[in-house]
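Reading through the structure tokens given below for one structure.
Rule-based calculations on the coordinates, nothing more; no lab input. All values derive from a computational prediction rather than experimental measurement. Here Cβ is always computed from backbone atoms with ideal geometry, including for glycine, and neighbour counts include all displayed protein chains.
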Amino acid sequence: MLKISSKCMYFLQVSIIAFMLSACSSLKITDEIVPSDGVQGITISKKSKATQIILDSATIYFEYDSSRLSSESIKTLKDVVELMKTDKAMTLSLQGHADERGTREYNLALGQRRSESVSSYLIASGLSNSRMEAISYGEERPLILGSDESSWQKNRRVEIK
Amino acid sequence: MNKVALFSALFFSVCGLSDLRLEIKKGTIDPINIAIYEINNKSNISKTIGDVLRGDLIRTGEFKIIDGVEIVQLFDEKSVFNFKGWKMLNLDYVVIPEIDFPDNSSVNLRYRVFDVVLEKEIRASKIFGLRSNLRQIGHFASDGIFESILGFPGVASTKIMYVNYSNFNDEETYKLFISDSDGFNRKLLLQSPYPIISPAWSPDSKEVAYVSFETGKASVYIQNVSTGRRNLVLKKNTQVSSPSWSPNGKFLAITIHEGGNPEIYILKLKDKSLTRLTNHYSIDTEANWSAKGNKIMFTSSRSGTPQLYEINLRSIGKNPKRITYEGDYNARGSYLPDGNGYVFVHRSSEGNFHIALKYRRESFARILTEARLDESPSVSPNGSMIVYAVSEDGINKLSILNINGAQFDLPSSEGMVREPAWSGLVR
């Protein structure tokens, strides 16, 4: 929107300069273009409840120190691909996480690898990479507090939002 | 020289509030016996300074404070200091402090240190400071006494930075604090609802770098400690993290997470130019600069598990050298100040994470800690102590380990404390 209005300003300026230049002579020859005022707006709507429910249940889980997708994860991601193909405007935030074990920076990198491996799968399935952003919270945003394998399992994940 | 340093320290010290509480867990086996002779002035001011001084000396793990030296006459019959009397008390050193007040706002602390065995005075110093900053006067005296006896600088006057996390009614708050090395005198540098990780001091301790998630992804900021002014160091669409300063303060080693492949770069702060250091499809992160500035250590998973590697900056592009082989997890290494070794996080065969130390002359790592999830070791600038975070049963606290064996805890009075970073020397 902002870009288009500045274009209008540009044309306005050009015509004013043309007018000023020609003002001193007797013959006025002007050449103007009125740009089309076509404006392309973008609406970001909340994902529908149904979509939200599918995405909420599409959290992808990983093994310790791994960013490999399991066959179960791939099944889940296929549903996400279908959803994205139906709703062409939908964009995704892929948020990678790690469990609390190990160092924070390594886990930040690990979470990033996890979200990128989800994003790679989606791109390989024909979706445009401009429709998704892969980020990581490392171990900073655990889903479950607790220092045992059952908590860690749930924290090694990529959430799709 | 000392005066200038003291004044610059005055800028961030008003109250004596403590967040972290000191608990002594373990002392050394063979401490040095030292006595502090109370010569004059039982005022509150001299008591405060005296308490800080004693606490500092005990915390070094090197000293045992012997009370009751005042029962011995200060001078013998020849009007010289009573070394014989001190020897009878089994003292190794005696400190004689003296306090006076040049005006209403300032304090002069003079102190002399005597070697009882050699029967000679080994230090006579004067510290000038403001009454609003009594604790730092005590810390300066402690560091001077430490240095005169041990031969290398004390770190009581240095600072510790740490992240405090709290969650009340599902409202998460992250606070970046700095405090004195004994946990007192804490100051808030940054408060945020978004995670803050990886705080790092600049070599002159005037600036700090850290990772904040406030824009939705990890980014590195540099903040001036005394002015609070801060800058995003590198505008990027990808995550940027893990800052480590070069010893001359002109460069920052950082990790750029491009397309899920984190690589380490050196960022020149002046013109923001980047030099790529690593080039591998595995995880490369957690750079740490050696004190001499010629080497960088980092964590890489290129062998299949996280291990420490080292790059000589004179030969960038050559294969980094792997330096740890103990078990399947060695990460977040940092060099000892003398470069003779490094500390890191090591995963034991039982699957617990401990702080480990490896000397270059040795082929094995020493496991220094024993909780289940120890992390974020940071070495004091004199190389004598390691501060690290302990996470056990949902409790996070800081612990300080002396290489001579003594250990202290700094549990927080509120929230969880993590990611301690020890400043450089400030005296």
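If you bin all the Cα-Cα distances of the range A:29-161 at 5 Å, starting from zero, the percentages per bin are 2, 10, 19, 20, 15, 11, 7, 4, 3, 2, 2, 2, 1, 1, 0, 0, 0. What is the diffusion coefficient of the range B:32-127 in µm²/s, taking the Kirkwood radius over Cα pairs and the Stokes-Einstein relation at 25 °C with a viscosity of 0.890 mPa s? Reported coefficient: 175 µm²/s. On the principal axes of its alpha-carbon atoms, the range A:69-139 has extents of 40, 25, 15 Å, going from largest to smallest.
Just want to confirm a number: the relative contact order over chain B, from Cα pairs under 8 angstrom separated by 6+ residues, in percent.
Working: 1063 pairs, mean separation 59.2, N = 427.
Relative contact order, chain B: 14 percent.
Structure remark: mean-square fluctuation, Gaussian network model of chain B, C-alpha springs under 10 Å; the largest value among B:Ala124, B:Ala218, B:Ala287 belongs to B:Ala124.
Its alpha carbons considered, the range B:197-287 gives a radius of gyration followed by a Dmax of 12.5, 40 Å.
Cα convex hull of the protein assembly as shown: how many Å³ per residue?
Numbers: hull volume 133.3 nm³, N = 588.
That works out to 227 Å³ per residue.
In chain B, helical runs assigned H by DSSP with n ≥ 4 each contribute -39500 (n - 2.57); averaged across all residues and rounded to the nearest 500, the mean residue ellipticity at 222 nm is -3500 deg cm²/dmol.
With N the number of residues in the range B:151-251, Rg(Cα) / (2.2 N^0.38 Å) evaluates to 1.14. Pairs of Cα atoms nearer than 8 Å and 6+ residues apart set the relative contact order; for the range B:282-376 it is 19 percent. Between B:Asn185, B:Asn44, B:Asn33, the GNM of chain B built on Cα springs shorter than 10 angstrom shows B:Asn44 fluctuating the most.
Need one word for the range B:361-413: rounded, prolate or oblate. Basis is the Cα gyration tensor (sqrt eigenvalues a ≥ b ≥ c); a/c below 1.5 gives rounded, then a/b vs b/c decides. Cα axes put the range B:361-413 in the oblate bin. Of interest is the spacing of the C-alpha centroids, which for the range B:152-170 and the range B:267-285 amounts to 28 Å.
Extension gain, B:Lys84-B:Ser348: 0.36 nm per intervening residue step, less the Cα-Cα distance, totals 89.8 nm. Annotation for the range B:355-425: trypsin sites (Lys or Arg not before Pro) lying in DSSP loop with at most 14 further Cβ atoms inside 10 Å of their Cβ are B:Arg360, B:Arg361. Across the range B:111-180, Cα-Cα pairs more than 17 Å apart make up 59 percent of the total.
Taking Cα atoms only, the orientation of helix B:134-150 departs from the longest principal axis of chain B by about 90 degrees. For GluC sites (Glu not before Pro), no site in the range B:279-345 is both called loop by DSSP and has at most 15 other Cβ atoms within 10 Å. Semi-axes of the equivalent ellipsoid for chain B, computed as √(5λ) from the eigenvalues of its C-alpha gyration tensor and ordered from largest down, come to 41, 24, 20 Å. Taking a Cβ cut-off of under 15 Å around A:Ile60, the surrounding Lys, Arg, Asp and Glu residues balance to a net charge of +2, with basic ones at +1 and acidic ones at -1. All other residues whose Cβ lies under 12 angstrom from that of B:Asp115 are scored, Lys and Arg at +1 and Asp and Glu at -1, for a net of +1. Remark: spin-label model distance B:Ile323-B:Glu70 equals 5.1 nm, labels positioned 7 Å along the Cα→Cβ axis.
Sequence-distant contacts, meaning Cα pairs under 8 Å at least 6 residues apart, place the relative contact order of the range A:67-161 at 38 percent.
In the neighborhood of B:Glu326, defined by Cβ-to-Cβ distances under 15 Å, what is the net charge if each Lys or Arg adds +1 and each Asp or Glu adds -1? Mind dumping the intermediate values first?
Working: positive: B:Arg322, B:Arg332, B:Arg347, B:Lys358, B:Arg360, B:Arg366; negative: B:Asp328, B:Glu350, B:Glu362.
Residues close to B:Glu326 contribute a combined charge of +3.
Over the C-alpha atoms of the range B:276-427, the Rg to Rh ratio, Rh being the Kirkwood estimate, stands at 0.97.
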